[in-house]
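The values are calculated or read from the model by the stated rules, or taken from the named source; none is laboratory data. No experiment lies behind these values; they were computed from the predicted model shown. When we count neighbours, we look across all protein chains shown, and the Cβ atoms used for this are built from the backbone with ideal geometry, even at glycine.
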Amino acid sequence: MTSTVRRVSAVAAGALAVTLGLAMPALAHVTVNPGTAEQGGWTKIAFRVPNERDNASTTKVEVAFPTDHPLPFVSVRPVSGWKVKVTQGKLPQPVVSDDGDKITESVLKITWTGGKIESGQFQEFEASVGPLPKNVDALEFPTEQTYSNGEVVKWADPPKADGSEAEHPAPTLKLVAPKAEEGGGEAAPASPSAAAAAGPDVAPSVAAVAEDDDEGGSGTAALVLGGLGLLAGLVGAGAGITALRRSRG
């Protein structure tokens, strides 16, 4: 019985080790966060860079920007302890934007240096970009990660044909179609006849009564007539009380 339990435990431990071994590389990838944005819009992205090495720190991060679908405007957020350099230059070939403009220059890369990402830590480098292209579903940002021991890891592998993840995948921002506005369009305007029946201060209440008449018909009419009858009764009661007082006087 004891030997059986030991074998089961050994198998479970081995399966757990394999699972963790498969998961750890994915967790250590350089990624873009958030991973999706709307086509044609603006977004803030963060390049999340973890340190994969136990014996070295990350000292330099260089992110290449797409040149086939250049981003017209790019700004960066300062990171404490790091120096940032935005390199802008001519594109390999001119590109026509979604608006029909001819683009010949754009941001080619952003480089962060001077800081350290220690073992077991990560750092996020943020940038605001836009407008995003409308005719593509993803943008890749090949990244070079340099360690203090001189090692350079290039995160630039394209997706595999079989759909599996590459060893060093390029950080990718997926682009999706803009969300449709809730409600299916603009709200219907208020009834023009109701708005004309009263001043601006009472127009909403009049509009509500007009809608009730359209939907409820005789219900609202009966309510109005009942109110008039009650008012007439109160006036009559007041007149009776006045006459009684005069007769007593």
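For this structure, a couple of remarks:
- Among the residues of the stretch 143-178, those identified as assigned to a strand (DSSP E or B), more than 20 Å from Pro66 (Cα to Cα) and either among the β-branched types (Val, Ile, Thr) or under 24 Å from the mean Cα position of the chain (by Cα) (or both) are Thr146, Val152.
- Condition check for Gln121: farther than 30 Å from Pro70 by Cβ, surrounded by 11 or more Cβ atoms within 10 Å (Cβ to Cβ), modelled with pLDDT of 95 or more and not charged (D, E, K, R): yes
- Counted residues, the stretch 116-139 - those being more than 14 Å from Val76 (Cβ to Cβ) and not hydroxyl-bearing (Ser, Thr, Tyr): 15
- The stretch 54-101 - residue that is more than 29 Å from the chain's Cα centre (by Cα) and exposed (fewer than 14 other Cβ atoms within 10 Å of the Cβ) and, of those, farthest from Tyr147 (Cα to Cα): Pro94
- Verdict on Glu126 being modelled with pLDDT of 95 or more and either touching a Leu at 6+ places or on another chain (Cβ under 9 Å) or under 14 Å from Pro66 (Cα atoms) (or both): no
- Those strands (runs of 3 or more DSSP E) of the stretch 46-142 in which at least 3 residues are among the hydroxyl-bearing types (Ser, Thr, Tyr), considering only elements entirely within it, cover 102-117.
- Residue within the stretch 199-210 that is of a type outside the set (D, E, K, R), touching a strand residue (DSSP E or B) at 6+ places or on another chain (Cβ under 7 Å) and either surrounded by 16 or more Cβ atoms within 10 Å (Cβ to Cβ) or at pLDDT below 95 (or both) present: no
- Residues in the stretch 77-90 that are of a type outside the set (D, E, K, R) and more than 15 Å from Ser106 (Cα to Cα): Pro78, Val79, Ser80, Gly81, Trp82, Val84.
- Just so you know, in the stretch 34-45 the residues that are in a loop (DSSP other than H, G, I, E, B) and of a type in the set (Gly, Ala, Ser) include one that is nearest to Asp99 (Cα to Cα), and it is Gly40.
- Pairs where the first residue, in the stretch 77-94, is within 11 Å of Glu124 (Cα to Cα) and the second is among the aromatic types (Phe, Trp, Tyr), C-beta under 9 Å, 6+ apart: Arg77/Phe125; Val79/Trp112; Val79/Phe125
- The set of residues in the stretch 29-46 being under 16 Å from the mean Cα position of the chain (by Cα) and within 17 Å of Gly115 (Cβ to Cβ) consists of Ala46 alone.
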